[in-house]
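This report concerns only the one structure given below.
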Amino acid sequence: MKILGIDIGGSGIKGAPVDTKRGELLAPRFRIPTPPGAKPKPVAKVVAEVAKHFDWKGPIGCGFPAAVQHGVARTAANIHKSWVGTDVAKLFSKRTGCPVTVINDADAAGLAEMAFGAGEEHEGVVLIVTIGTGLGTSLFTDGVLLPNTELGHIEIDCQDAELMASDAARKRDDLSWKHWGLRFDTYLSRLEKLVWPDLIILGGGASKQFNEFAPYLSVHARVVPAATLNEAGIIGAALAAQHK
């Protein structure tokens, strides 16, 4: 099945048609910078521009940086707070003229990784952590997603985990991979004690440097880098639309 996948991030909104059977992009990704402030109407306009770029008339799947229940945003991580309570699916459908399915962005990346990446055919509990501007998480048991876990926002030493352990925090504090890796290990260790995963998959921009910080990770679970990398959000968003 061919579905347009769109990944909405804090810095960019990117999309491409996806062959959901093979997990492959059918055209080069098209990216537009996220509008300053990331408010609903400007973001919806960009989503429509991405759809128009591909002359798209069919179903669309969108990965969105928030907890999403039945198309409605319940949180607003790294986007404008006015998204809370907004029916994102309805807004995007109206702007594009297409049926739109909206899913948490980390859950979208997780779907792609479980279907076509490091989690493919893996049984047991799999925790996927995306490391970027924030920390996104998705959790699977025997391949079944528990949506909207939002474990990037647990508190560690009285502060939101992503403020100390995201890739943005590494850059902000000008940390070496060793020093950031030790911070990130503290975060992963806390997650391990909460959900006891059999496998941890790390995605997002920082995962490309996995070998730089992997020696400083001490969790019991096997930890591997994601295989789908930058395409995960787009592929997973399309898979979410297909499942619906």
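So for the range 9-21 (the condition being out of contact with any Lys or Arg (no Cβ under 8 Å at 6 or more places or on another chain) and assigned to a strand (DSSP E or B)), does at least one residue qualify? No - not one qualifying residue is present in the range 9-21. Considering (1) at pLDDT 95 or above; (2) under 17 Å from Ala237 (Cβ atoms), the lone condition that Ile79 does not fulfil carries the number (1). Among the residues making up the range 190-209, those that are open to solvent by less than 30 Å² (accessible area, probe 1.4 Å) and at pLDDT 95 or above are Leu191, Glu192, Pro197, Leu199, Ile200, Ile201, Leu202.
Filtering Ala169, Ala165, Ala108, Ala118 for residues that are in contact with a Leu (Cβ under 9 Å, 6 or more places away or on another chain) and without any contact (Cβ under 8 Å) to a residue 24 or more places away in the chain leaves a single hit, Ala169. The set of residues in the range 189-219 being in a helix (DSSP H, G or I) and either in contact (Cβ under 8 Å) with a residue 40 or more places away in the chain or of a type in the set (Asp, Glu) (or both) consists of Leu191, Glu192, Leu194, Val195, Gly205, Ala206, Ser207, Glu212.
Here Val68 passes the criteria (1) surrounded by fewer than 18 Cβ atoms within 10 Å (Cβ to Cβ); (2) aliphatic (A, V, I, L, M); (3) under 18 Å from the mean Cα position of the chain (by Cα) except the one numbered (1). State whether the residues of the range 80-88 include one that is without any contact (Cβ under 8 Å) to a residue 24 or more places away in the chain and closer than 16 Å to Glu150 by Cα. Within the range 80-88, one or more residues are without any contact (Cβ under 8 Å) to a residue 24 or more places away in the chain and closer than 16 Å to Glu150 by Cα. Reported count of residues in the range 74-129, each being assigned to a loop (DSSP other than H, G, I, E, B), open to solvent by less than 10 Å² (accessible area, probe 1.4 Å) and not hydrophobic (A, V, I, L, M, F, W, C), is 1.
The values are calculated or read from the model by the stated rules, or taken from the named source; none is laboratory data. Everything numeric in this text was worked out from a predicted model, so none of it was measured. Note that each Cβ is placed from the backbone with ideal geometry, even for glycine, and that neighbours are counted across all protein chains shown. These accessible areas exclude ligands, DNA and RNA; they are computed on the full protein's heavy atoms, side chains included. Shrake-Rupley method; radii C 1.70, N 1.55, O 1.52, S 1.80 Å.
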